[in-house]
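Notes follow once the structure below has been shown.
The values are calculated or read from the model by the stated rules, or taken from the named source; none is laboratory data. Keep in mind that what you see is a predicted model, and the values were worked out from it rather than measured. Using ideal geometry, Cβ is built from the backbone for each residue, glycine included, and neighbour counts are taken over all protein chains shown.
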Amino acid sequence: MTTTDPAAPAESAQREDARRSLAAGAAPRRFGSWYIAEHRIRAMKGYAGDAIFQSFGNPLIYLFALGVGLASLVPQGVEGVSYLQFVAPALMAAAAMTVTANETSYPILLGFKWNPIFFGMNASPITGAQIVNGMFIHIALRTVVTVAIYCGIIALFGAITSPLGWLGIFVASMTGLAIGAAISSYTSTITEDRGQMAMLQRFGITPLFLFSGTFFPLEQLPVFLQPIGWISPLWHGTELGRVLTYGMAEPAWLTATHVGYLVTLFAVGLWATRRHFTRRLDK
Amino acid sequence: MPQPVITARKLTKKYGDFTAVDGIDFDVAPGESFGLLGPNGAGKSTTMRMVGAVSTRTAGDLEILGLDPNDHGPDIRSQLGVVPQQDNLDQELRVRDNLLVYGRYFGLPRAVVAERADALLEFAQLADRTKAKVDDLSGGMKRRLTIARALINEPRILLLDEPTTGLDPQARHILWDRLFRLKEQGTTLVLTTHYMDEAEQLCDRLVVVDKGRIMAEGSPAALIREYSSREVLEVRFGSDRNAEAAAKLQGVGERLEVLPDRILVYSANGEAELERITQLGLHPITSLVRRSSLEDVFLRLTGRSLIE
């Protein structure tokens, strides 16, 4: 005779529940970030018009205004290259920044507050960190596409002379992503909208755009203003772009500093954003 | 009870000094429809978020489908469907796209998600609105879409936080009908509500919660039996005479509950009590005899009304 444990079937039913849960959770654990990226791309249908204008329209306007208009005032060029060649890498980095600053400001406030889709995502197997990863995969794709188009147009204007010029696409994108990660690490902490986005634009993005050696070399600024450039990711990205697109001469340690600065800013920003998301969703 | 799908022991959640959920114990059996009934701020939603494996508990034990949410949040959530109190459908996506995108979060193949989405839109009576913008849907439709979304992964447990709050009576009945069908199909339902009629309609068993604690537990009928009388006589004397009349009514019925605008007389026979009141020389402006409800249970247990 064998003895039977009356609790055994119930216990095995529970083990079966647990086993099924673990099996079903495996795919989202691995690929959850990509599912979020897929969502963000699908959601772009809603604002495709704006995105296309940003990719094609803005670059053309800036190129004509600066490369053709302003350049006529600087016929001698800057640092031995034409003015268009000089501003082109800066414009690419700034275009990347525009995309990432857009994607990491209002959409994050929206997802937590006005249309709290992040909570909906988190109710499924998706984690807070995966939401952030997925958003950045989407932002990276959008940025690379935008900058690539920009780069193509600039090349048509004859402003890219180095064979390594196309690498400028990735430098500019990396610059944008580093700035985006820094912005999202802040916007993910905002619980009440008190116009912080407008402040960010006015006192963050715009000064960065103007004082990062974009339209004139940083050395033209008075010495006491130059540190703005050194802490500006846009300056590091722009200088790196100049090295690649027309072979601007600078010491190797400085080039390495540009790369290190951008990578570190991106990594720290992403880490902080993931942390804020995880905490905020666990309420 | 068969091996429960949810087990909570001394489950606690604190926010700083505030204790939202204060050491509650409960089990939910597979296929059961379990309710948390209580007023706003009782800790129902917090409990739901912990059971939903998104909110980390402060203390106590919690097991869902044999797993601890602290270690297996995503795995547990793969088997849950969640209908939150605040709609969080994606307004940038159209109705059907909301289901498609959500199904993908569970790692389901696109073809499977597409097939289920169509069936669920049918179930949610939204088959003719597939291409509509979410914003253009009525409150009831949005809630039904949220329920459809919560079912895309064929969940073992469906969590509904105040599913019909803010809906008009007709929309509520449509929703109840859909939930009743799910219950018949064997889906485990866990719902919070502050509507007693909803709890009576949908719950096999419920706990009455107040200030983060469980006050009572049982089926709606058993709770009414235990904490109330069969009938309730409601009498109104006008607000200025209410207290005065209440003093004269002492001893009438099994128990009295004096509210600002009326007096409730608990008794097995409401008509007989009304007659006694008339014999006492009191003449209420209005009187009403009704069956006891969970509202009376709540009033008895907490001294307060559910909807304040």
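Limited to the range A:233-270, what total is found for residues that are surrounded by 14 or more Cβ atoms within 10 Å (Cβ to Cβ) and closer than 22 Å to A:T189 by Cβ?
Matching residues across the range A:233-270 total 6.
Please go through the range B:132-150 and pick out each residue that is in contact with a strand residue (DSSP E or B) (Cβ under 8 Å, 6 or more places away or on another chain) and not in a helix (DSSP H, G or I).
Residues satisfying the conditions are B:A132, B:K133.
Taking the stated definitions as given, is B:D87 outside any loop (DSSP other than H, G, I, E, B) and more than 7 Å from every other protein chain (Cβ to nearest Cβ)?
No, not satisfied.
Within the range B:60-74, identify whether any single residue is surrounded by fewer than 22 Cβ atoms within 10 Å (Cβ to Cβ), acidic (D, E), in the same structural domain as B:I157 (by TED's automatic domain parsing) and assigned to a strand (DSSP E or B), and answer yes or no.
Yes, the range B:60-74 has at least one match.
Checking the condition more than 27 Å from A:S82 (Cβ to Cβ) and within 14 Å of chain B (Cβ to nearest Cβ), which residue from A:R194, A:R275, A:R279 passes?
A:R279
Please determine whether any residue of the range A:107-120 is small (G, A, S) and within 14 Å of chain B (Cβ to nearest Cβ).
yes
As an exercise: evaluate A:T189 against (1) modelled with pLDDT under 95; (2) on the phi < 0 side of the Ramachandran plot; (3) surrounded by 13 or more Cβ atoms within 10 Å (Cβ to Cβ); (4) not in a helix (DSSP H, G or I) and give the number of the one condition it does not meet.
Checking A:T189 against (1) modelled with pLDDT under 95; (2) on the phi < 0 side of the Ramachandran plot; (3) surrounded by 13 or more Cβ atoms within 10 Å (Cβ to Cβ); (4) not in a helix (DSSP H, G or I), the one that fails is (1).
Considering only the range A:79-96, state which residues are surrounded by fewer than 17 Cβ atoms within 10 Å (Cβ to Cβ) and either within 29 Å of the chain's Cα centre (by Cα) or free of Cβ contacts under 8 Å to residues at least 60 places away in the same chain (or both).
Within the range A:79-96, A:G80 is the sole residue that qualifies.
Can you pull out the residues in the range A:31-69 that are hydroxyl-bearing (S, T, Y), over 26 Å from A:A88 (Cβ atoms) and at pLDDT below 85?
The initial filter retains those residues of the range A:31-69 that are hydroxyl-bearing (S, T, Y), namely A:33, A:35, A:47, A:55, A:62.
Remaining after also requiring over 26 Å from A:A88 (Cβ atoms): A:33, A:35, A:47.
Listed by number, the list holds a single entry, A:Y47.
Mind listing just one residue for me: the one in the range B:1-33 that is closer than 17 Å to B:N70 by Cβ and aliphatic (A, V, I, L, M) and, of those, surrounded by the most Cβ atoms within 10 Å (Cβ to Cβ)?
B:V21
Just a yes or no: is a residue in the range A:101-124 outside any helix (DSSP H, G or I) and touching a Lys or Arg at 6+ places or on another chain (Cβ under 8 Å)?
yes
Restricting to the range B:71-84, and then to whatever is β-branched (V, I, T) and within 7 Å of another protein chain (Cβ to nearest Cβ), can you tell me which residue is farthest from the chain's Cα centre (by Cα)?
Taking the range B:71-84 and keeping what is β-branched (V, I, T), we get B:76, B:82-83.
Filter once more, keeping what is within 7 Å of another protein chain (Cβ to nearest Cβ): B:76, B:82.
Numbers: B:I76: 22, B:V82: 14 Å.
Among them, the one singled out is B:I76.
Within the range A:26-53, track down each residue that is crowded, with 16+ Cβ neighbours inside 10 Å, more than 7 Å from every other protein chain (Cβ to nearest Cβ) and of a type in the set (S, T, Y).
Passing the criteria: only A:S33.
Go through (1) within 15 Å of the chain's Cα centre (by Cα); (2) basic (K, R); (3) assigned to a loop (DSSP other than H, G, I, E, B) and name the single condition A:R274 misses.
(3)
Quick one: how many residues across the range B:34-52 are assigned to a helix (DSSP H, G or I), more than 13 Å from every other protein chain (Cβ to nearest Cβ) and surrounded by fewer than 24 Cβ atoms within 10 Å (Cβ to Cβ)?
So the answer is 0.
Among (1) surrounded by fewer than 21 Cβ atoms within 10 Å (Cβ to Cβ); (2) within 11 Å of another protein chain (Cβ to nearest Cβ); (3) part of a helix (DSSP H, G or I), which single condition is B:T56 missing?
Result: B:T56 fails condition (3) only.
Out of B:E275, B:E271, B:E308, B:E295, report the one residue that is at pLDDT below 90 and either assigned by TED's automatic domain parsing to the domain that holds B:C203 or part of a helix (DSSP H, G or I) (or both).
Numbers: B:E275 fails: at pLDDT below 90; B:E271 fails: at pLDDT below 90; B:E308 fails: either assigned by TED's automatic domain parsing to the domain that holds B:C203 or part of a helix (DSSP H, G or I) (or both).
Being at pLDDT below 90 and either assigned by TED's automatic domain parsing to the domain that holds B:C203 or part of a helix (DSSP H, G or I) (or both) holds for just one of B:E275, B:E271, B:E308, B:E295, which is B:E295.
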